[in-house]
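Trainee: Can you read through this structure? Questions will come right after.
The values are calculated or read from the model by the stated rules, or taken from the named source; none is laboratory data. Just so it is clear, the structure is predicted and the values come from calculations on it, not from any experiment. Virtual Cβ from ideal backbone geometry, glycine too; neighbours counted across all protein chains shown.
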């Protein structure tokens, strides 16, 4: 009996040693080459200067079949910064947001920030605009992006397209501590520490966040409206879901206030943009499909309810902008609901990026011309 017991312990010891060795080998491999390319590690944002991407596209309609995109010397999308990062004599703008700002599956030159630069540079010079959008990033991530990178650049204007990933974040927003580094609770701090120190932990956490976003349909994916099943939700049920979700809105508003304060304390002017969606109370003019009764496999049940939830965040964005005298572009209201401009419920194709840029530039140009008259070279376009 004693021999059997020792054999079991020996086998267990060998098994545990094997697991430790495998984990160490995987850690070393991911440190040298991480095929996932995750850009969030705990409470840190990781940017990759000079990184080039070539993506074979076979499913996303309205994007290039071969998508070519790149990062500049500071790890952002867009033109190189002025020499020595001297932005004092330049009308400098950085866009911040999640995947709908980054436009991951659009080639360089095709994103809406690229197009905004193209439109604005006719009237405002010298102009420098970079895209700091990061796929999956919420307002908590935007705060980290500001602190780690953007405050050092001191752009004159920071444009935030916000809301979508805060809905997906949902139940994680239980406390104001979420917006303060080092004061997020013991468990959160331990998770952040492990993610910063370990590539394995960072990969697991990022995969978990990806699946959370996918549950809300905020992850990328090709959309075929005609093949989607339909589901009607009663007004009473929709109201019940909206009511249940209200508890998350106050903390979202507080994070927006933190973004505003952080910008203004550093002489940067914030601009807010509400997040549009293909879904809602409308008929798609391309497919003829009712965009409000599509079945959604999450807690919101159908597309109209999901859009109503997003709009509850958009209303908080608008309210905080008004209260704090932040210039607001209500893109959610002005963006047409047509699949001509979207490849999924939230992400813009090439035509959509142009439309978004037209709306944003048309409202932004007069504001910037009034705010920074020294950079006006010609009258704003209409």
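Trainee: Among what's in segment 112-131 and is out of contact with any helix residue (DSSP H, G or I) (no Cβ under 6 Å at 6 or more places or on another chain) and within 23 Å of residue 55 (Cβ to Cβ), pick the residue that is surrounded by the fewest Cβ atoms within 10 Å (Cβ to Cβ).
Mentor: 118
Trainee: Still on this model: Conditions: (1) closer than 17 Å to residue 97 by Cα; (2) in contact (Cβ under 8 Å) with a residue 60 or more places away in the chain; (3) crowded, with 20+ Cβ neighbours inside 10 Å. Residue 308 meets all but one. Number of the miss?
Mentor: Of (1) closer than 17 Å to residue 97 by Cα; (2) in contact (Cβ under 8 Å) with a residue 60 or more places away in the chain; (3) crowded, with 20+ Cβ neighbours inside 10 Å, only one is false for residue 308: (1).
Trainee: Please tell me if residue 340 is assigned to a helix (DSSP H, G or I) and in the same structural domain as residue 223 (by TED's automatic domain parsing).
Mentor: Considered against the rule, which asks whether it is assigned to a helix (DSSP H, G or I) and in the same structural domain as residue 223 (by TED's automatic domain parsing), residue 340 comes out as no.
Trainee: In segment 238-280, which residues are in a loop (DSSP other than H, G, I, E, B) and touching a helix residue (DSSP H, G or I) at 6+ places or on another chain (Cβ under 6 Å)?
Mentor: Scanning segment 238-280 gives 266, 275, 276, 277, 279, 280.
Trainee: Can you name the number of the only condition in (1) touching a residue at least 60 places away in the same chain (Cβ under 8 Å); (2) over 21 Å from the mean Cα position of the chain (by Cα); (3) not in a loop (DSSP other than H, G, I, E, B) that residue 322 fails?
Mentor: (1)
Trainee: Residue 354: under 30 Å from residue 68 (Cβ atoms), in the same structural domain as residue 275 (by TED's automatic domain parsing) and part of a helix (DSSP H, G or I), yes or no?
Mentor: Spelling it out, residue 354 is indeed under 30 Å from residue 68 (Cβ atoms), in the same structural domain as residue 275 (by TED's automatic domain parsing) and part of a helix (DSSP H, G or I).
Trainee: Report yes if residue 38 is surrounded by 13 or more Cβ atoms within 10 Å (Cβ to Cβ), modelled with pLDDT under 95 and more than 22 Å from residue 144 (Cβ to Cβ), otherwise no.
Mentor: No: the conditions fail for residue 38.
Trainee: Further question: With segment 57-154 as the region, which strands (runs of 3 or more DSSP E) entirely inside it contain at least 1 residues that are within 14 Å of the chain's Cα centre (by Cα)? Give the derivation first.
Mentor: Details: elements: 66-70, 91-97, 127-131.
Here the list reads 91-97, 127-131.
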